[in-house]
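The values are calculated or read from the model by the stated rules, or taken from the named source; none is laboratory data. As the structure is a prediction and not an experimental result, all values here were calculated from the model. Cβ placement follows ideal geometry from the backbone for every residue including glycine, while neighbour counts extend to all protein chains displayed.
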Amino acid sequence: MVNILVIGAGVMGTAITVPAIDNGHKATIVGTPLDQEMISNIKEKLYHPKLEIYLSETIGKNYDELTQTDIDQSDVIIVGVSSKGINWFIDFIKKFNVQKKEFLIVTKGLFINKNNKLDIFPNKLLKEIDQDIDITAVTGPCKAVELANKNLTNICFINKNLDTAIRLSKLFENDYYIIKTNSDLIGSEVCAALKNIYAIILGYSQIFYYNKEKIFNPESALFSHCLNEMNCIVALMGGSIETVYGLSGLGDLHVTSGTGRNGALGKLLAKNNTYSEIISNELKGETVEGAELMIDIEIHLNTLLSENNLPILKNLLKSICNNQKLDIPWGELNV
């Protein structure tokens with residue numbers, strides 16, 4: 001039996017504890033300042049209201065209740081905050097001694113490092129926490145509510161040290177949570193972030209071409225073109241092409257475009273709405289990570305566009321960052 005400590009009481013950080021608990025382990029879920037209501041439900045009812053599931057072998061704590069003893073007794077620390085919460089997480093965890101601790105990160109995103117380059121979140125944690133820690137990433141097609149309800153889920157654990165990824169995967173893997181391991185941390189994490197961006201335009205294609213019945217041809221072709229652009233960016237950042245066409249890329253893009261807020265934004269854009277209108281109305285208060293990522297790293301994405309042929313990304317940036325109507329540049333894709 002191992003003790004799993006989750007920082008962030010959101011759906012993904014909580015869902016990944018379900019197979020671990022079924023495997024005989026225990027979990028402590030620590031809420032951020034935004035998770036007080038969630039933690040109250042876990043404390044009082046062992047219930048997660050967003051996932052709509054009851055938990056077992058789980059303790060809920062508010063962030064100000066976490067102690068060094070909790071850290072010391074944990075075998076794995078899961079980074080379960082949103083991408084917007086990653087800086088809060090770093091500031092929070094630095095208050096504790098986490099030397100030699102193993103982290104599992106489900107948070108997705110990219111950031112600009114001190115060398116003014118695009119970089120992945122695991123590198124941000126390693127640099128800014130500045131303690132001897134080890135980080136394994138979790139990527140691949142996973143809708144949290146499906147995992148929480150024990151539906152078959154096939155994802156990846158990624159660590160530059162493959163043996164570490166394999167060892168950690170054994171704590172979580174069972175008959176419904178199937179884990180592939182690999183060492184391409186850069187490629188997997190870049191795919192995990194990019195799929196949120198490209199899911200927007202795939203969501204758009206699912207609605208824009210609707211004509212009394214569902215039309216599949218445009219979306220299917222566009223899916224291929226999106227993967228080609230993801231492949232270009234992953235290669236530029238030092239990742240593997242193989243990763244783009246595996247679970248972390250193709251698989252995750254498929255599930256994200258079909259469900260969730262990124263795809264929902266695309267569907268609303270297909271109705272001739274602008275991003276500012278949507279985010280002020282239908283998606284007010286929602287976190288659309290693909291859109292927020294583009295806004296956060298717009299300058300660096302524009303640099304990519306100036307040096308590479310990425311017409312889908314170019315149009316997405318115009319739509320989200322310049323509030324222009326979104327369209328699909330078919331003439332530029334079929335060359």
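Of the helices (runs of 4 or more DSSP H) lying entirely inside segment 243-335, those containing at least 3 residues that are over 30 Å from PHE157 (Cα atoms) are 261-269, 275-280, 298-307, 311-321, 330-333. Across segment 208-222, the qualifying residues are those that are out of contact with any Phe, Trp or Tyr (no Cβ under 8 Å at 6 or more places or on another chain) and buried (at least 18 other Cβ atoms within 10 Å of the Cβ), and the one among them that is modelled with the lowest pLDDT is PHE208. In the set (1) touching a Pro at 6+ places or on another chain (Cβ under 7 Å); (2) surrounded by fewer than 24 Cβ atoms within 10 Å (Cβ to Cβ), ASP252 fails one condition alone, (2).
Please go through segment 93-115 and pick out each residue that is part of a loop (DSSP other than H, G, I, E, B) and closer than 16 Å to ILE71 by Cα. Steps first, answer last, please.
The first filter runs over segment 93-115 and keeps only residues part of a loop (DSSP other than H, G, I, E, B), leaving 94-101, 106-109, 113-115.
LYS94, LYS95, PHE96, ASN97, VAL98, GLN99, LYS100, LYS101 - these are the residues of segment 93-115 that are part of a loop (DSSP other than H, G, I, E, B) and closer than 16 Å to ILE71 by Cα.
Report, ordered by the first and then the second residue, all pairs with beta carbons closer than 6 Å, sequence separation of six or more or different chains, a first member in segment 22-37 that is closer than 17 Å to GLY285 by Cα, and a second member that is part of a loop (DSSP other than H, G, I, E, B) and of a type outside the set (Asp, Glu). Close Cβ pairs satisfying both conditions: ASP35/ALA9.
Is there a residue in segment 258-266 that is crowded, with 24+ Cβ neighbours inside 10 Å and more than 17 Å from the chain's Cα centre (by Cα)? Yes - at least one qualifying residue is present in segment 258-266.
Please pick out the residue among SER74, SER83 that is touching a residue at least 40 places away in the same chain (Cβ under 8 Å), more than 20 Å from LYS143 (Cα to Cα) and not aromatic (Phe, Trp, Tyr). Steps first, please.
On the way: SER83 fails: more than 20 Å from LYS143 (Cα to Cα).
On inspection, the qualifying residue turns out to be SER74.
Would a scan of segment 181-204 turn up a residue that is modelled with pLDDT of 95 or more, more than 19 Å from the chain's Cα centre (by Cα) and not in a helix (DSSP H, G or I)? There is no residue in segment 181-204 that is modelled with pLDDT of 95 or more, more than 19 Å from the chain's Cα centre (by Cα) and not in a helix (DSSP H, G or I). Scanning segment 229-242 for residues that are of a type outside the set (Gly, Ala, Ser), assigned to a helix (DSSP H, G or I) and closer than 22 Å to PHE111 by Cα yields GLU229, MET230, ASN231, CYS232, ILE233, VAL234, LEU236, ILE241.
Considering only segment 116-178, give the strands (runs of 3 or more DSSP E) lying wholly within it that have at least 1 residues that are aromatic (Phe, Trp, Tyr) and under 18 Å from the mean Cα position of the chain (by Cα). In segment 116-178, 153-158 are the strands (runs of 3 or more DSSP E) which contain 1 or more residues that are aromatic (Phe, Trp, Tyr) and under 18 Å from the mean Cα position of the chain (by Cα). Among the residues making up segment 294-320, those that are among the hydrophobic types (A, V, I, L, M, F, W, C) and under 22 Å from GLN206 (Cα atoms) are MET294, LEU310, ILE312, LEU313, LEU316, LEU317, ILE320. Among the criteria (1) in contact (Cβ under 8 Å) with a residue 40 or more places away in the chain; (2) surrounded by fewer than 21 Cβ atoms within 10 Å (Cβ to Cβ); (3) not assigned by TED's automatic domain parsing to the domain that holds ALA137, the one ASN228 does not fulfil is (1). Only one of LEU301, LEU316 is buried (at least 19 other Cβ atoms within 10 Å of the Cβ) and at pLDDT 95 or above; which? Only one candidate qualifies: LEU316.
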